[in-house]
1. Residues being out of contact with any strand residue (DSSP E or B) (no Cβ under 7 Å at 6 or more places or on another chain) and over 13 Å from H55 (Cα atoms): count how many of those fall in the stretch 110-121.
2. Would the stretch 108-118 turn up any residue that is in contact with a Cys (Cβ under 9 Å, 6 or more places away or on another chain), exposed (fewer than 15 other Cβ atoms within 10 Å of the Cβ) and touching a residue at least 24 places away in the same chain (Cβ under 8 Å)?
3. Sort out which residues of the stretch 120-148 are outside any helix (DSSP H, G or I) and surrounded by 10 or more Cβ atoms within 10 Å (Cβ to Cβ), and write them in order of number.
4. When you go through I48, I60, I23 one by one, which is the residue that is surrounded by 14 or more Cβ atoms within 10 Å (Cβ to Cβ), assigned to a loop (DSSP other than H, G, I, E, B), in contact with a His (Cβ under 9 Å, 6 or more places away or on another chain) and of a type in the set (A, V, I, L, M, F, W, C)?
5. Restricting the stretch 1-20 to residues that are over 18 Å from A69 (Cβ atoms) and in contact with a helix residue (DSSP H, G or I) (Cβ under 8 Å, 6 or more places away or on another chain), which is surrounded by the fewest Cβ atoms within 10 Å (Cβ to Cβ)?
6. What are the residues in the stretch 90-104 that are surrounded by fewer than 16 Cβ atoms within 10 Å (Cβ to Cβ) and under 13 Å from the mean Cα position of the chain (by Cα), if any?
7. Name the residue, out of A69, A53, A77, that is surrounded by fewer than 19 Cβ atoms within 10 Å (Cβ to Cβ), closer than 16 Å to A101 by Cα, out of contact with any strand residue (DSSP E or B) (no Cβ under 6 Å at 6 or more places or on another chain) and of a type in the set (A, V, I, L, M).
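All of the numbers you see were taken from the coordinates with simple rules; none came from a lab. Predicted model, so just to flag it, every value in this text is computed and none were measured. Neighbour counts are summed over all protein chains in view; Cβ atoms, including those assigned to glycine, are modelled from backbone coordinates with ideal geometry.
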Amino acid sequence: MGHSLSCVFIHVVFSTKDRRPTIGAEIRGELGLYLAGIARNKGCQPVIQCATADHVHCLIGLDSQTTVANLIRDLKANSSRWLNKRLAGQTVFAWQNGYGAFSVSKSNLELVKEYVATQEEHHRKMTFQQELLALLKKHDIPYDEKYLWA
């Protein structure tokens, strides 16, 4: 085969340092657009992004040359710099170490897109911690809770 062809979508979740509610409602939409721009600049296909007060969800189609770890490193580093400039004088912004990345089949893309789009409503019923534990269990990802929130 002369070309590298792929169709890989991932649902990425990462939180603010110590899960502090430092992402104000007035900046969440801009943050989503900024995250989409980072993904696009990496050659990836941003589908939907949603920021909450203490974490973000991104649904992204990977290009054939980008690894999950490199994409998330760039998402977190660039958005952290942008947020610190944007929030200058208000707070020092940082993301928590680590992330969750979950594969999404093409057939489930619309379902996950809807899930990401309705985060505000979703978190009226469930905390971020409960949500992450549910995602890890749903995807059969082993974890040690001792290290999960560090």
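1. Total satisfying the criteria: 6.
2. Looking for residues that are in contact with a Cys (Cβ under 9 Å, 6 or more places away or on another chain), exposed (fewer than 15 other Cβ atoms within 10 Å of the Cβ) and touching a residue at least 24 places away in the same chain (Cβ under 8 Å), one finds none in the stretch 108-118, hence no.
3. Result: H123, M126, T127, H139, I141, Y143.
4. I23
5. Restricting to residues being over 18 Å from A69 (Cβ atoms) and in contact with a helix residue (DSSP H, G or I) (Cβ under 8 Å, 6 or more places away or on another chain), the top hit is C7.
6. Result: N97, G98, S103.
7. A69 is the lone residue from the list that is surrounded by fewer than 19 Cβ atoms within 10 Å (Cβ to Cβ), closer than 16 Å to A101 by Cα, out of contact with any strand residue (DSSP E or B) (no Cβ under 6 Å at 6 or more places or on another chain) and of a type in the set (A, V, I, L, M).
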